[in-house]
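Read through the structure below, which is laid out as structure tokens, and then see the notes.
The values are calculated or read from the model by the stated rules, or taken from the named source; none is laboratory data. The shown structure was predicted, so the numbers you read here are calculated from the model rather than taken from an experiment. Every residue, glycine as well, gets a Cβ built from its backbone with ideal geometry; the counts of neighbours run over all protein chains shown. With ligands, DNA and RNA removed, areas are computed over all heavy atoms of the protein, side chains included. Shrake-Rupley method; radii C 1.70, N 1.55, O 1.52, S 1.80 Å.
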Amino acid sequence: MLESTMALFNKILYFCGLLLFATGLVRAENDDDGVTVETIEEEQYHSPQINSKSIYFAEHFDDEAAFKKKWVKSEAKKQGVDEAIAKYDGKWEIQAPSRRILKNDLGLVLTTEAKHAAISALLDKPFEFKDKPLVVQYEVTMQEGQNCGGAYIKLLSRGTNTKADLRQFHDQTAYTIMFGPDKCGNDNKLHFIFRHRNPVNGTVEEKHSKKPNQRLDDIYKDKEPHLYTLVVRPDNTFSVLVDNREVNGGSLLEDFAPPVNPPEEIDDPDDRKPDDWDEREKIVDPTATKPEDWDEEAPAQIVDPNAVKPDGWLDDEPEMIPDPEAKKPSDWDEDMDGEWEAPLVDNPACAAAPGCGPWTPPLVPNPEYKGVWRAPLVANPNYRGKWSPRRIPNPHYFKDENPFKMTPITAVGFELWSMSPMLLFDNLVVTDDLAVAEQWAQQTYALKRTKISSDSDSLAERALRLAGEQPWLAAAAALVAFALIAGLCYLCCGPSADPDADYKKTDAVTEDDPPQEEPQTQKASKSTLEGPEPEEQTEQSDDQLADQQEEEQTDQESEPVEKAQIDTEGAGDGQRKRKPRKE
């Protein structure tokens, strides 16, 4: 009865808890000021549309026909590599992500690995670096992670102006900016490189930004879409963002290597150090001589002249002796194994003595020891310091106060090598207005992140979020949990209703004992243990003696522990039987 009552009680508590949790979910959904769990249905996604004069290029890759008209695959060969791998034969395809997030959302996928691949497209209009910032933004999904390879984009310089130029796009094609992730082994990079033209001699040099201020390992491993944004401003500052979070930033003048502006002075390449230039700050004292009493032959240690052999030292006793108890193995073959010798053991005679064997005095430091004599060092009177070439004006010096004014951009392209296939690129935009890029991301990347977050939320995570917004729900859940725990503890630790409990606690004979079928055996009596009693106390009939002898014989054949219990109480009252203990 008690068990059925507790089971019913637990079921009631369980269903009350479920009802309470469901009520909290409904209230949270219907409360205007509470939590609203936003869900993104696949049908809500549409290709982004922005009508703005600030856009120079926009590509969502959702229209394969439009993609084929705009983008051109390279037919060139990579320079400086083996002919067998020089061709740009990597495969580009428009595909849905392998992990479907939004319906009808497609991307540009590099499907092959270990192959050079290049593809490019012309801007709708050239970007001139004048008085507006450059904003470049695109998504990358490393659908199978990344072991070694890049996923960066190149903004191609003026000179790549036609589709014929795009067909010849290769690694040496001039670019103005290279931006994006790159990884090989443990070397993770997020490139921002711009090519700067020397206004004096016209040479072009790559300038590499400093490293990001935080680690970006997850973008190469989590197989999720990530948004990369580069902003270069007319005031010569820049920002690099990953998933709308700035990870790098600074100045074009100060945070690049090598720096934009060269030094005003350089070392004279024709200057040579004079032959008599002495850079030694100290020299060996030329006037020093070794003292006459300096003995370089004296040993570092000598025998202690004050040492005395301890009393009781056993000179004639060896420290180790052959084991006197050792015996040659029976299978020992002297022809094969050689002459047998007993193993050595510590000499027991040396145990109480200070030592055994020949005594030798210990060594002590030699007070006369001085070692090899060396002349001391003194200041060099001819010391002239560390030599360095003289400084001269840098013939290539210039001062570019506005490195933002880079070579105009006319095209964008991906020129890559990757050891991991299935790199997906999506939602590329080039603009001069950061707000436009943010609006573009709201229609694309933000929807993906919301959907991913919604799909990954577990029931426990939602409950915790609701509990944070609805304190009454957390308190009610705690009460229900406490009641469940209390009921469980009562079941485990409450009073027992086991009808066999008495059997486990006593050896007494009870009324409900089952009949014992096994033969009863005679228990050893006190008289048996203590010897014969007085005659008047041990007289028994002939039948009793015969029965006793028969039972004693049975006791000897049975196991003494399991079949015989010794009763030493009540001597003279006859032989008492005990009910076997239930195990």
Worksheet entry | Per-pair calculated FRET efficiency, R0 = 60 Å: L377 and N161 via Cβ, rounded to 0.05 | 0.25
Item to complete: Would you work out the charge dipole size for region 341-418 about its Cα centre, treating the Cβ of every Lys and Arg as +1 and the Cβ of every Asp and Glu as -1, and quote it to the nearest 20 debye?
Response: 980 debye
Fill in: Low-density loop cleavage sites - trypsin sites (Lys or Arg not before Pro) in region 140-211, where at most 11 other Cβ are within 10 Å (DSSP)
none
Practice prompt. Quick one: check the C-alpha center-to-center distance for region 95-116 versus region 408-422, whole angstrom.
Written response: 15 Å
Item to complete: First measure r as the distance between the Cβ atoms of E265 and D235, then evaluate 1/(1 + (r/R0)^6) with R0 = 30 Å and state the FRET efficiency to the nearest 0.05.
Response: 0.60
Discussion item. Please compute the length gained on full extension between D316 and E281, using 0.36 nm multiplied by the number of residues separating them and subtracting their Cα-Cα distance.
Written reply: 6.2 nm
Discussion item. In region 121-218, if the dipole is taken from +1 on Lys/Arg beta carbons and -1 on Asp/Glu beta carbons about the Cα centre, which of Q172, N198, I153 is farthest to the positive end?
Written reply: N198
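Which shape class applies to region 346-439: rounded if a/c is under 1.5, otherwise prolate when a/b exceeds b/c and oblate if not, where a ≥ b ≥ c are the square roots of the Cα gyration tensor eigenvalues? Walk me through the intermediate numbers first.
Details: a/c = 6.08, a/b = 1.95, b/c = 3.12.
Here region 346-439 falls in the oblate category.
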Worksheet item: Ordered by residue, what ³J(HN,Hα) values in Hz, to whole numbers, does region 50-61 give under the Karplus form 6.51 cos²θ - 1.76 cosθ + 1.60, where θ = phi - 60° and Gly and Pro are x?
Response: 9, 9, 8, 6, 7, 8, 9, 6, 8, 8, 9, 6
Worksheet entry | Listed residues P361, A351, V372: farthest to the positive end of the dipole of region 344-402 (Cβ charges) | V372
Worksheet, complete the sentence: Two pseudo-spin positions, 7 Å from Cα along C-beta at K328 and at A257, lie apart in nanometres by 7.8 nm
Item to complete: Rounded, prolate or oblate: pick one for region 172-328, where a ≥ b ≥ c are the square roots of the eigenvalues of its C-alpha gyration tensor, a/c under 1.5 means rounded, and failing that, prolate if a/b is larger than b/c, else oblate.
Response: oblate
Fill in: Net lengthening on full extension, D295/R215 (0.36 nm per residue, minus Cα-Cα)
22.4 nm
Worksheet, complete the sentence: Whole-Å distance linking the alpha carbon centroid of region 51-91 with that of region 176-232 is 20 Å
Discussion item. Taking amide H atoms as placed 1.01 Å from N in the peptide plane, list the residues 5 or more away in sequence, or in a different chain, whose amide H sits under 5 Å from that of Y45.
Written reply: K103
Practice prompt. Calculate, for region 230-282, the solvent-accessible area per residue in square angstrom, rolling a 1.4 angstrom probe over the heavy atoms of the protein chains.
Written response: 58 Å²
